[in-house]
Each structure stands twice: as C-alpha cells, then as structure tokens.
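To start, the structure itself, in structure tokens.
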Amino acid sequence: MYVYLNGEILPEQDARIPVTDRGFLLGDGVFETMRVYDGHVFRMKRHIERLFQGCERLGILPDMEEGQIGDSVIRLLQKNGLDRGDAIIRVTVSRGSGGRGIDTKGAGSPTVLITSSSYTPLPEEAYLQGVRAVLSKSPISFRGPRDGEIKPISFLPYILQRLDHGGEGIFEVIMQNHEGYITEGTASNIFFVKEGILHTPSPETGLLKGVTREVVMEIATKEGIPVREGLYRPEDLLGAREAFITNSIIEVMPLSSVDDRVLEIGTVSRKIRRLYQNVAKT
C-alpha cells in the first residue's frame, strides 16, 4: 500500500518519520478517521475542518490548507485502487520534531501522514443482536468543553479504560467525567432513548463531538424525533429502553446491554441506522 507523507505519495515501507517526532514521543498531535463508501469520502470536509480546529487549539500550523488535505486523500485512494470501493482513511498531524519536553517552543514543521485501507464490515448479526457495553468505574481524565474538537493521537486514557473495565464479550466501555456525568465510549459517542426522546451527553461533559454523532442528530431532527443534549448520570442510561453507540467506522451500533441492564434493539435504533446508511451512501 501507498501512504501520503509530507507532500509525497510513496510505498508504505519507504515512509520514514524521525524518532524525534513529538507525535511518537509525546502524543502531540491530532487525527481523523473517515469512511469511504463506493469511492466517496463521507463528510470529508467536516472531518478535515475538525482536524484543523484541533490543530488550531494545539497551536499546530500545518503547511497545507484544508483543500489540499482533501485532494491528497483522493489521490491516495486512487493510487491504492480504493477510489471505487469501501475503505478507511486516517489523516494524522503531529507537531513534528523540536522543542524540549512538553515545551513546544522550537518545534519545526508538522508531520502530515495519510493512510488508507480496505474496509471489512462487522457481521450483520452484531447490528441485529446488539453488542454489550459496561460502565466505567473510574472517571476519565477531564476534557473541557473547549476540547470537543480535539481528537488526540494519544489514546492512552481510553486504552486504560478498556484494560480496566473491558473483558470477554465487552464491545465498549461507557465513561464518566470527574463530576460523574456520562461522556462517551472509549471509541464512540452514545445515545439512549427514553419515552420517545433521543438523549446524548452534552459537549459540556468534555466529550469528543463526533462527526457521526452530528449526522445522527441531524437525521433525528429531520425525522421529528426529539433530541436532547444533557448532563446524564449512569442511572439515566440504565433506565433507558434502548441505546446505541456511533462512530465513523461502526456507524450506528445498538447496545444489547449496559452492565446487567438488558436493552431492546428498538425501533429508534433500527430507524436511525437505516437512515444513516442511506445518507452515507448517497
């Protein structure tokens, strides 16, 4: 496979990033993962916009404009023969090399890496039967509302949540912030349905404002399904009739249970998933 690295498309085995790169040493950077449907990159403009918002928040100044990133994504898909099928794209931007420790002064040009791969879907059975989730018993490191556009390349806090609370048959861990409010999954956003209303945690909790999350809220609003963002405790989720998680790769995945609470694979979850696929594939 070919990758894009700092202005060049080259074979993956020939790509070289310095050992002094701050992304490797400190996790100092951001990334975006995008789904490709039949050669079309879904919501690419929004993903790249969020990438640049994260860069701006971190004070990273890529040598490329948003449109150039998009053009490079398309070129890479074509080079890898993925421009007519289903694929996954990841764009990673690190601060590059330089600086001393966590001091960013003296950092050089950012590193921009784009990779692509073919997409293998999860079994349809998972969507029909739902997957299991558990609630974290320890708070995630706090992210403030201003951090909702930052998708950091350092996923260590989320990996620790999976190590501490995941297990055999557990698909996702639902996290809480330091105030005890539900935020998101380790790799997803969460929605739940109570009394016909679709609920999802507010960005005020410090969650990542996922692009798929945005699309789901747009779909629900268009379909006349009430949507509320709020501050929710674990008991709010455990009192729901149905729930689902979202991200760009799994799209809309129903939950069959959270801890010991069994949930329905309900009409709202099924409808949102169907409509999401319609939107993504058109």
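No lab work stands behind these numbers, since they all come straight from the coordinates. Since this is a predicted model, take the numbers as computed values, not measurements. Positions of Cβ are generated from backbone atoms using ideal geometry, with glycine treated the same way; all protein chains shown enter the neighbour counts.
Sort 268-275, 20-27, 92-99 by packing, meaning the average of other beta carbons within 10 Å per residue, with the highest value first.
Ranked from most to least packed, the peptides come out as 92-99, 268-275, 20-27.
Ranked highest first by average number of other Cβ atoms within 10 Å, how do 251-260, 148-157 line up?
In descending order of packing, they fall as 251-260, 148-157.
Which order do the peptides 48-58, 228-238 take when ranked by the mean count of other beta-carbon atoms within 10 Å per residue, highest first?
48-58, 228-238
What shape does region 2-118 have by the C-alpha gyration tensor, where a ≥ b ≥ c are the square roots of the eigenvalues, rounded means a/c under 1.5, and otherwise prolate means a/b greater than b/c and oblate the rest? Show your work: numbers first, answer last.
Details: a/c = 2.47, a/b = 1.64, b/c = 1.51.
Cα axes put region 2-118 in the prolate bin.
Under 30 Å between C-alpha atoms is the cut-off here; go through the chain and count lysine pairs that meet it, provided they're at least eight residues apart or on different chains.
The result is 28.
Report, by chain and number, residues whose modeled amide H sits under 5 Å from the one on residue 131, excluding near sequence neighbours (fewer than 5 apart, same chain).
Long-range HN contacts for residue 131: 255, 256, 257.
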